[in-house]
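Let me begin by presenting the structure, written as C-alpha cells, before commenting on it.
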Amino acid sequence: MARTEQVLVLEPQHELKFRGPFTDVVTATLKLTNPTDRNVCFKVKTTAPRRYCVRPNSGVIDSGSSVNVSVMLQPFDYDPNEKSKHKFMVQSMLAPYDMTDMEGVWKEAKPEELMDSKLRCAFEMPLENDKTTEHSALPKSASASLDDGEVKKIMEECKRLQMEVQRLREENKQIREDDGLRKRKPTSMAAPHPSSSVMATSAMRDEGLSIRVLALCVLFFVIGVIIGKLAL
C-alpha cells in the first residue's frame, strides 16, 4: 500500500547545503511547517548519525505552526573530490487527538499512516571570488583607511614606544635603588640641606616619570587609533 503524501512543508525541499570551511561546526537550518488543521508528529533521521547533531530531532508541530530544526555538521577533513552521500529523512504522522505518549504513538503507527521526505546533503567551500566580492563590498573609506604601509609604520612606532617605556622602567628602578642607598646612610653624615647630587637625582626621577607617563599616553593613543580604524 502506498504511503500517505507528506503534509509538512520543508524549506529547503530537497537539499541541505553546508558551507565551509569545515574546521568548525557548520549549521544548516531546516524549517518544517504544518499547514493542516491537525497537530503533526515528526522525526528527523540521517544516514550518518555520528557526523551530525540535530536539534530538535523529534517533536510535535501544532496546526498552522512551524519549527526550525538545526542540523549541525561536525568538523572534518574536507575533500573537494569526494561527493557527499549523506541523506536526511523527515518522517511524520498525524498526531492522535488523545496522544499522551509520543514514543508509544510511533511504535504503534501503521505503515500507511507514516509520511516521509528525503533530503540530500551538499558541501560547499567559499570561492576566492566570493572572498573578493565580500572585501569589495566594504565602504571605500573603510577599505582604504588603513593600508599595509600605514599599519607597518604604526606597529614600528608601538614597538619603539614599548622599548622606550622598558628603558624608562629600568632607569626608574635604578633611581629608586640609589635613593634607597642614600636613605640608609647614617643621619650624622647627612647634610642639613639636600646636596646638589640628591637634588639632581630627584630631578632625574621626576623627569623619568614624566617621560614614562607621556610615552604611555602616546602608546595608548596609537593603539586607540588602530582599533578605531579597524572598527570602521
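What to note about this one:
- Taking all Cα-Cα distances within the stretch 8-121, those exceeding 16 Å account for 61%.
- Rough spin-label spacing in nm, given labels placed 7 Å along Cα→Cβ, for ARG38 and THR100: 2.1 nm
- Summing Lys and Arg as +1 and Asp and Glu as -1 over all other residues whose Cβ lies under 10 Å from the Cβ of ASN57 gives a net charge of +3.
- Distance between modelled label sites at LYS31 and GLN174, nm, 7 Å Cα→Cβ extension: 7.1 nm
- Unsatisfied cross-links (Cα-Cα over 27 Å) in the set LYS17/LYS110; LYS85/LYS110; LYS43/LYS85; LYS83/LYS110: LYS17/LYS110; LYS85/LYS110; LYS83/LYS110
- Cβ-based net charge around ASN39, under 12 Å, with every Lys or Arg adding one and every Asp or Glu removing one: -2
- Share of Cα-Cα pairs in the stretch 1-74 lying beyond 18 Å, as whole percent: 44 percent
No lab work stands behind these numbers, since they all come straight from the coordinates. As the structure is a computational prediction, the values presented were derived from the model and not from experiment. Backbone-built Cβ (ideal geometry, glycine too); neighbour counts: all protein chains shown.
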